[in-house]
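Participant: Following this message is one structure expressed as structure tokens.
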Amino acid sequence: MFVWDDLRFVLAISRSGNLRAAAGTLGVNHSTMFRRLTAVERSLGSKLFERLATGYRPTESGQRLIETAERMETEALTLDRELTGRDTRLVGTLRVTASETLAFGVLAGQIAQFRATHPGILIELLVDNRVLDLSRREADVALRATRPVHGDLFGRKLTDIGWCFYASKRYLAGRAPPKRVADLTKHPGKHQVIGWGEAMQPTKAAAWIAQHVPATAIGYRTGSPVNQFMAAKAGLGLALLPCYLGDADPGLVRVMAPLSDLSTELWLVTHRSLRDTARIRAFMGVVGDGIKKALQSPAR
């Protein structure tokens with residue numbers, strides 16, 4: 001017989017594929033992961049993973065254990081959501097996830113207002129461009145640029161977000177700004193566009209750049225949208241940014257109109273079983289209304 005904590009370690013290894021990544025997800029060091037796995041295998045008298053050059057692959061025994069652990073995890077998470085969903089207190093911790101640009105450009109001010117109204121609620125902000133799994137409680141509330149499609153999620157649409165090219169006044173000095181996207185293709189050497197890192201997770205903006213901007217016009221790449229924003233301010237070229245980020249900085253100037261084929265939606269999302277939790281309901285109301293008001297400009 002072994003405890004649930006042992007199963008957490010086994011699941012983390014199976015999902016990450018190696019000890020170092022699994023250790024990172026659990027907040028422990030590599031040697032701890034190795035000792036815990038060794039102890040579990042010794043107690044069961046069976047190897048759970050094959051150690052390969054490409055990573056850790058479950059053995060037949062390991063796969064059986066992983067399947068059982070996943071069922072136990074699902075039951076535990078369901079119970080946790082049900083109990084949390086009945087919480088009527090405006091206290092406790094609320095884990096919120098948002099992209100880098102939303103956290104940088106919009107969310108901090110709204111969280112400050114929320115905390116002033118509800119000081120008993122601790123906000124833990126997870127700045128991550130990945131879509132975290134709300135069913136597994138990786139976060140309680142998420143700000144997302146896509147409509148929720150899974151039936152176990154509940155969300156409210158806050159607004160539409162426009163995207164536009166921006167550049168610094170210094171960059172535009174002595175240059176005629178492009179008036180339309182075709183200008184970047186016809187005269188690729190005339191302007192430099194800030195592109196996305198090739199190794200990063202694909203985004204709509206990155207896909208748009210890849211489709212419409214020739215490689216010869218890319219003078220700088222980075223996987224960080226906030227770094228793109230800073231690079232544009234430094235005069236490195238044109239950056240394709242959400243309007244709520246570019247418009248807020250007086251050092252940047254809009255170049256061309258917002259792109260009609262790159263408008264995205266902004267949603268505030270939680271798990272359906274948590275929607276009536278007092279602190280989540282308060283956050284979705286106060287912060288949701290605040291963001292909607294802040295971004296209500298038609299141009300944004």
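Laboratory data are not the source of any read-out in this text; all were calculated from the coordinates shown. In this text, all values refer to a predicted model and were calculated from it rather than measured experimentally. Cβ atoms come from the backbone with ideal geometry, glycine included; neighbour counts cover every protein chain shown.
Participant: What FRET efficiency do you get for residue 249 and residue 296 if R0 is 22 Å and r is their Cβ-Cβ distance, rounded to the nearest 0.05?
Facilitator: Once the sixth-power term is evaluated, E becomes 0.70.
Participant: Hand me the chymotrypsin sites (Phe, Trp or Tyr not before Pro) from the range 67-156 located in a DSSP loop with no more than 10 other Cβ atoms within 10 Å, in residue order please.
Facilitator: Listed in order of number, the matching sites amount to none.
Participant: Now a separate question. From the helices alone, meaning DSSP H stretches of at least four residues, give me the mean residue ellipticity at 222 nm for the chain, per-run term -39500 (n - 2.57), in deg cm²/dmol to the nearest 500.
Facilitator: -12000 deg cm²/dmol
Participant: If you don't mind, another one. Going through the cross-link list 157/204; 169/190; 204/233; 190/292; 204/292; 179/204, which pairs have a Cα-Cα distance over 26 Å in this structure?
Facilitator: Among 157/204; 169/190; 204/233; 190/292; 204/292; 179/204, the Cα-Cα distance tops 26 Å for 190/292.
Participant: May I ask for the angle, rounded to the nearest 10°, between helix 108-117 and the longest principal axis of the chain, with both axes built from Cα atoms and the value confined to 0 to 90°?
Facilitator: Approximately 60 degrees, to the nearest ten.
Participant: What list of ³J(HN,Hα) values in whole Hz, one per residue of the range 9-20 in order, does the Karplus curve 6.51 cos²θ - 1.76 cosθ + 1.60 (θ = phi - 60°) give from phi, with Gly and Pro shown as x?
Facilitator: My calculation for the range 9-20 gives 5, 5, 4, 4, 5, 5, 7, 8, x, 7, 5, 5 Hz in order.
Participant: Out of the DSSP beta bridges found with both residues in the chain, what percent are antiparallel (nearest 5)?
Facilitator: 65
Participant: Could you give the size of the charge dipole of the range 4-85 about its Cα centre, using +1 on the Cβ of each K and R and -1 on the Cβ of each D and E, expressed in debye and rounded to the nearest 20?
Facilitator: With only Lys, Arg, Asp and Glu charged at Cβ, the dipole is about 440 debye.
Participant: Something else now. Let's see if you can work this out: charge +1 on each Lys and Arg Cβ, -1 on each Asp and Glu Cβ, no other charges. What is the dipole magnitude of the chain about its Cα centre, in debye to the nearest 20?
Facilitator: Values: 41 positive and 28 negative charges, 171 e Å.
Here the chain has a charge dipole of around 820 debye.
Participant: When the chain is modelled as a GNM with alpha-carbon springs shorter than 10 Å, which of 233, 157, 47 fluctuates the most?
Facilitator: In the Gaussian network model the winner is 47.
Participant: How long are the semi-axes of the equivalent ellipsoid of the range 163-260, defined as square roots of 5 times the Cα gyration tensor eigenvalues? Whole Å, largest first. Write out the running numbers ahead of the final one.
Facilitator: Details: eigenvalues 61, 51, 32 Å².
In descending order, the three semi-axes are 17, 16, 13 Å.
Participant: Classify the chain as rounded, prolate or oblate from the Cα gyration tensor: take a ≥ b ≥ c as the square roots of its eigenvalues, call it rounded if a/c is under 1.5, otherwise prolate when a/b beats b/c and oblate if not.
Facilitator: It is oblate, given that a/c is not under 1.5 and a/b is not larger than b/c.
Participant: With contacts defined as alpha carbon pairs under 8 Å and 6 or more residues apart, what's the relative contact order of the chain in percent?
Facilitator: 23
Participant: Separation between the residue 152 and residue 133 pseudo-spin-labels, each 7 Å from Cα along Cα→Cβ, expressed in nm?
Facilitator: 0.9
Participant: Mind listing the phi-derived Karplus ³J(HN,Hα) values for the range 206-213, rounded to whole Hz, using 6.51, -1.76 and 1.60 with θ = phi - 60°, and x for any glycine or proline?
Facilitator: Those phi angles translate into 5, 5, 5, 4, 4, 7, 10, 10 Hz.
Participant: Calculate how steeply helix 60-85 sits against the longest principal axis of the alpha-carbon atoms of the chain, using the helix alpha-carbon long axis, and give the answer as 0 to 90 degrees to the nearest 10.
Facilitator: Here the helix axis deviates by roughly 70 degrees.
Participant: Any chance you could give the angle, 0 to 90 degrees and rounded to 10, that helix 278-294 forms with the longest Cα principal axis of the chain?
Facilitator: 10
Participant: In the range 4-85, if every C-alpha pair distance is counted and binned at 5 Å from zero, what percent goes to each bin?
Facilitator: Percent of Cα pairs in each bin: 3, 15, 25, 25, 17, 8, 5, 2, 0.
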